[in-house]
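Reviewing the structure listed below.
No lab work stands behind these numbers, since they all come straight from the coordinates. Not measured: the values here are computed from a predicted model. Note: ideal-geometry Cβ built from the backbone for every residue, glycine included; neighbour counts use all protein chains shown.
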Amino acid sequence: MTRTSIQRFVTYSWMIALLIGLIFAGLEYGVRFEIVGANASDAPSWLDLALLLGAYLFVFCLKPIQSAIQRKLCQRATHRTHQKVTR
């Protein structure tokens, strides 16, 4: 059974959304490392709490981000198909 273009768009959109999430998590750890330094044993708890809450809120943003990416991919595919037909 072959995959339809919609299934492919769903997969691509989730991969892109999760890549954005991975970049966000990397930036959070980079900020934490920059503020605290190499010695993380005396890290302020407010910083950990702020990063955890930021990540928690970002999790709720993943589905709308994925939906927007999927919509753009479908629009782009429809536009390309329309251009091929008019040629």
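Between LEU47 and ILE16, 0.36 nm times their residue separation minus their Cα-Cα distance comes to what?
Working: separation 31, 0.36 × 31 = 11.16 nm, distance 2.77 nm.
Fully extending the segment from LEU47 to ILE16 adds 8.4 nm.
Specify the residue with the greatest mean-square fluctuation among PHE33, PHE58, PHE24, computed from a Gaussian network of the chain linking alpha-carbon atoms under 10 Å apart. The residue with the greatest mean-square fluctuation here is PHE33. Rounded to the nearest 10 degrees, the inclination of helix 5-36 to the longest alpha-carbon principal axis of the chain is 20 degrees. Here the Gaussian network model covers the chain, with springs between Cα atoms less than 10 Å apart; of SER67, SER45, SER13, SER45 fluctuates the most.
Given contacts defined as C-alpha pairs under 8 Å and at least six residues apart, what's the relative contact order of segment 5-86, whole-number percent? Averaging sequence separation for qualifying contacts and normalising by length gives 55 percent for segment 5-86. The angle separating the long axis of helix 45-86 from the principal Cα axis of greatest extent in the chain is about 10 degrees.
Mean residue ellipticity, 222 nm, helices only, the chain: the sum of -39500 (n - 2.57) across DSSP H runs of n ≥ 4, divided by residue count and rounded to 500, is -31500 deg cm²/dmol.
Electrostatic bookkeeping for ASP48 treats Lys and Arg as +1 and Asp and Glu as -1; over the other residues with beta carbon under 11 Å from its beta carbon, the sum is 0.
The convex hull built on the alpha-carbon positions of the chain has an orientation-averaged projected area of 8.5 nm².
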